[in-house]
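Below you'll find the structure, written out as structure tokens, and then a few comments.
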Amino acid sequence: MMSINEVKTGPSTLSQVILKQYGYKLKGHSGLIYSLIIVQLLSLLLSLSSNGGMSSNSDSISIAVRTYTGDILLIFSLLWLMVVASLLGSQPYRSMEFSVVNNRLVSHASNILLLVTYAVYAGVTSTLAVIIHRLILSATLKEGEFLFGGLQIIPQDLLLGIFVATLYFILVAATVYLIQSFSLHSKGLGIILWICFFAFGFGTVRIFDFNLGKVLEFYAAETSLGVFVLKVFCTAVLFFGSSMLITKGMEAKR
């Protein structure tokens, strides 16, 4: 056994070790990319069916409206990233990686780089998949059944969609990774945090006379791109940094 304090490396050497571990993990977990592709293909098939509609009838006119959405593509990709972040932060994975990682700083830093890489990849592919979804609908639905404000895709809007989706993925990955770090100390605490994650993030929580609302709206309701980026960046740095501090006192095997 050795303590993290026993590892003496300079800044340049440490960054090289982190990058090597990142490259090793990226190559070793290449199968995760294929699983993302499978998840996105499945969600693409599911999104081709309508998720709701309405109808109206009169003496001479009958109108039926069906709605389609590509949100399921983003949701499935988000769930995939949550599973990946949960696995990277779990005790079995961290015990397994001790054979190639010198200390927990290297472990965390390489994991964070890996999660950011996956978040970027998921943000790009899921956004492009939404566009493919729209193109498939326009090609398969009969004329007169497809009402849409044009299929023109403005490059700026495409890049903005990819950028925002990636930021959301990074935010969720940082949150899940932090929860798993707490779970290393107490499984009970981890369960409580998972409940809070879903309750406060996606549900409306009310305690006595205080309506806590949705924490997600703190980010989603932001209208300024600059402020939104700042919120996500600060939150991600805080959560990833907290994950490092939580396990700082633990010992790592060489």
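Going by what's in this entry, would T223 be described as farther than 30 Å from Q21 by Cβ and modelled with pLDDT of 80 or more? Yes.
Each row is one residue, and each column tells you yes or no for (1) of a type in the set (D, E, K, R); (2) surrounded by fewer than 17 Cβ atoms within 10 Å (Cβ to Cβ); (3) at pLDDT 75 or above.
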residue: Y93; (1), (2), (3): no, yes, no
residue: V100; (1), (2), (3): no, yes, no
residue: R104; (1), (2), (3): yes, no, yes
residue: S110; (1), (2), (3): no, no, yes
residue: L114; (1), (2), (3): no, no, yes
residue: G123; (1), (2), (3): no, no, yes
residue: A129; (1), (2), (3): no, no, yes
residue: I132; (1), (2), (3): no, yes, yes
residue: K142; (1), (2), (3): yes, yes, no
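The values are calculated or read from the model by the stated rules, or taken from the named source; none is laboratory data. It should be emphasised that the depicted structure is a prediction, and the values quoted were computed from it without experimental measurement. So basically every Cβ, Gly included, is an ideal-geometry build from the backbone, and we count neighbours across all protein chains shown.
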